[in-house]
Structures are given as C-alpha cells and as structure tokens.
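Rule-based calculations on the coordinates, nothing more; no lab input. Fair warning: this is a prediction, and the values are worked out from it, not measured in the lab. As a convention, Cβ positions derive from the backbone with ideal geometry for all residues, glycine included, and neighbour counts pool all protein chains shown.
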Amino acid sequence: MVELKNGNRNLQLRNTLFWDVDPVKLDARTSKTLIVERVLTRGNMEEFKQLIRFYPLLELSQTVVKIGYLDKRTLNFISGYLNIPKQDFLCYKKKLSNHMYWNS
C-alpha cells in the first residue's frame, strides 16, 4: 500500500497504480498530478472517494485540468463531477489539436 499524508488527512492507494515509479518517492504535493491521474484512470471508487477527501476540491480542480491525457469516459465523469467545462481541460485541448487523417 502507498500511504500519503496531507496535514491530518491520509490517502491509501494500491501499489499497482504506481507500477512505473518508486512508491516511496511519491509526495502528496510534488506528485499530485500523477496521483490524481492514476486514481482517475486506474483507481477504483473507494480510491476516488479517498482522493476527494484528501485534496480540497479547488486544489483537485486546478490539478485535474492540467492532466495531459484522460480517456473520454473519465473526462466526462470528472468534468461533470467537478462542474468544469471539458474545454478547460488540457487533455481536451490536446485532442482537438491532433490532426485526424482520412484513413485513420
């Protein structure tokens, strides 16, 4: 289990969410974008509930819009949950800037 602290709040996440990084080096502040992205894209509902208790909603909102990739389902969910227009998300803007070719 990866255990993080943010003041008096604790966050416990499965090690499998962070298969490519050393879980010991994760920090609630400096690794915030990675933590949020992994919980949203690969976490379960319990981990999501912990995440929204762990980070204040404003901080979570400011972080989630900076994530470079979210699949359509996750983007729709978090956009609706946090009441943020999809157009404000970096991953949405990146998708719009990708050229679609006819035979793709």
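Just a few scattered comments:
- Leading residue at positive end of dipole, the chain (Cβ point charges), from 60, 10, 90: 90
- Once the Cα gyration tensor of the chain is diagonalised, semi-axes √(5λ) in Å: 26, 16, 12
- Crossing angle, helix 32-42 versus the chain [Cα axis fit, 0-90 degrees, rounded to tens]: 70
- Loop sites in segment 22-71: trypsin sites (Lys or Arg not before Pro), DSSP, at most 10 other Cβ within 10 Å: 29
- Size of charge dipole - the chain - debye, nearest 20, with Cβ of Lys, Arg +1 and Asp, Glu -1, no other charges: 220
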